[in-house]
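This report concerns only the one structure given below.
The values are calculated or read from the model by the stated rules, or taken from the named source; none is laboratory data. Being a predicted model, the structure only gives us computed values, none of them experimental. Neighbour counts are summed over all protein chains in view; Cβ atoms, including those assigned to glycine, are modelled from backbone coordinates with ideal geometry. Each accessible area value is taken on the protein alone, full model and side chains, heavy atoms only, with ligands, DNA and RNA left out. Shrake-Rupley method; radii C 1.70, N 1.55, O 1.52, S 1.80 Å.
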Amino acid sequence: MPALKKRVLIVDDNAVNRKYLKTVLKDYDLTEAENGIEALEQFNTTAADLILMDIQMPVMDGMECMKVLRDKNVSIPILAITAFSGNEDRDKFINEGFSDFLAKPLPPNTIRTVVGNWLSPDKQTLQVYTNKKPDYSEFDLDIIEDLKKYLTENEYKKLVVDFIDETKIFLNNIDLLTNKDDFSSIIRILHTIKGNAASLGFYRLSKLSAVLEAKLKNEQFQNFSDNFEAFKSNAYASFEAFKTQLNRNDD
Amino acid sequence: MTNDSYKKVLVAEDSSVIQNLLKKILLFENCKITSAKDGQKVLDIFEKEDFDLIIMDINLPHVDGLEATRIIRASNSKNANIPIIGISGNAKNLPESDFIDAGMNDYMQKPLNYDKLIELVKKYTN
């Protein structure tokens, strides 16, 4: 157990639901509110590390409350709890600024896992929680400079070309593994891509691998093919960006 | 076979790109690198050859880096106490104690800081 307990704010108008969440999350420092307005007041008095937010509430609903918080640059994880479960709803909530989406009914272990993952230190450095879409810079120039202390220009280029070739093979392997639903192998490969990309200065690719890896670790398997296709096109865009930069330098 | 002028380093890393990178960088420290792509190969090679240092990725197929380290430490080999530096893609997810409890001497997180790597290699091979 960490020395300092993380604080979770539970926002739900239904007393039974609040009690259930409080029991499930008893290992955390808990505060609660009955609607959006109360949640804002509660949050102003006692800041939280994470908010669990019901959507349908009187006075001020969860969506509105979340937007008020995001407008104030509150960047902690805010997780929506709703009875909706369609993929369109999920995308809508995430696009509006929620960090994640929990559909009822909620088994205790799911709640603990998702909350625990969002509060893990790794997660906090990986995710950008603001309502703006994450916008990572393509390359980490510090890392590339560092590498060039040890490698000649040609060695560096050769290394990156090998990295791109190897990553393309990894991406094809993930395609094959997706057909077999072998998510644990996919997580391992994404982890490798994340580390390799970071070590070679492919910052954006590394961050996107981390996000996809985190999703799978949270057992968000639905939509994986779509997410992976998007990831792949981003990866290929990064490879192209590298080539463009090389050509520019060669001119 | 043994030549005292260079250090023998076993690099356990499943990506050949990172292996090549480490090879190039460790040339500066006059290291001769042997590569292994999974934890089981590390154990096989460790049994047959003497090394000065092992650099071990955590995220290895078959036998992971922590497990391979535990097996080496528990072995009867005369090299059971060889210095082992762990490399992790997400050290933040694992508490430091996991690396040390497994028996690693030190660890680094990706993205690798190459200066620190050289420093650690020096520290454990001199």
Check your understanding: Can you give the calculated 222 nm mean residue ellipticity of chain B, where each DSSP H run of n ≥ 4 adds -39,500 (n - 2.57) and the sum is split over every residue, rounded to the nearest 500 deg cm²/dmol?
Key -> -11500 deg cm²/dmol
Review point. Ballpark to the nearest 100 Å², how much total accessible area do B and A bury together, probe 1.4 Å?
Key: 2200 Å²
**Study point:** Eligible lysines near A:K92 by straight Cα distance, threshold 18 Å, same-chain separation 8 or greater
**Key:** A:K67, A:K104, A:K132, A:K133, A:K215
Review point. Taking amide H positions as placed 1.01 Å from N in the peptide plane, with prolines and chain starts having none, which residues 5 or more places from B:K7, or on another chain, fall under 5 Å of its amide H?
Key: B:C31, B:K32
Review point. Which residues, if any, in region B:46-72 have at least 10 Å² less accessible area in the whole protein complex than in the isolated chain, probe 1.4 Å?
Key: B:N59, B:P61
Review point. Are there GluC sites (Glu not before Pro) in region A:144-251 that DSSP puts in a loop and that have at most 12 other Cβ atoms within 10 Å, and which ones?
Key: A:E219
Review point. Of all the stretches in chain A, which is the longest one without any exposed loop site, taking chymotrypsin sites (Phe, Trp or Tyr not before Pro) in a DSSP loop (any state but H, G, I, E, B) with at most 16 other Cβ atoms within 10 Å?
Key: A:137-220
Check your understanding: Are there residues in region B:11-28 whose accessible area shrinks by at least 10 Å² when all protein chains are included rather than the chain by itself, and which are they (probe 1.4 Å, ligands and nucleic acids not counted)?
Key -> B:D14, B:S15, B:S16, B:V17, B:I18, B:N20, B:L21, B:K24, B:I25, B:F28
Revision key, fill the gap. Counting only residues 5 or more apart in sequence or on a different chain, those whose built amide H sits under 5 Å from that of A:L102 are A:A80, A:I81, A:T82
Review point. What order do B:L27, A:L246 take when sorted by accessible area (1.4 Å probe), most exposed first?
Key: B:L27, A:L246
Revision key, fill the gap. Simple SL model, points at 7 angstrom along Cα→Cβ for A:E229 and A:K19; separation in nm is 4.7 nm
Check your understanding: Amide H neighbours of B:Y107 under 5 Å, counting only residues 5+ apart in sequence or on other chains, H built in-plane at 1.01 Å?
Key -> B:G86
Review point. Ignoring ligands, DNA and RNA, what percent of the accessible area of chain A is carbon or sulfur (1.4 Å)?
Key: 50 percent
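Work out which trypsin sites (Lys or Arg not before Pro) in chain A are exposed loop sites (DSSP not H, G, I, E or B, at most 13 other Cβ within 10 Å) and give the longest gap free of them.
A:181-251
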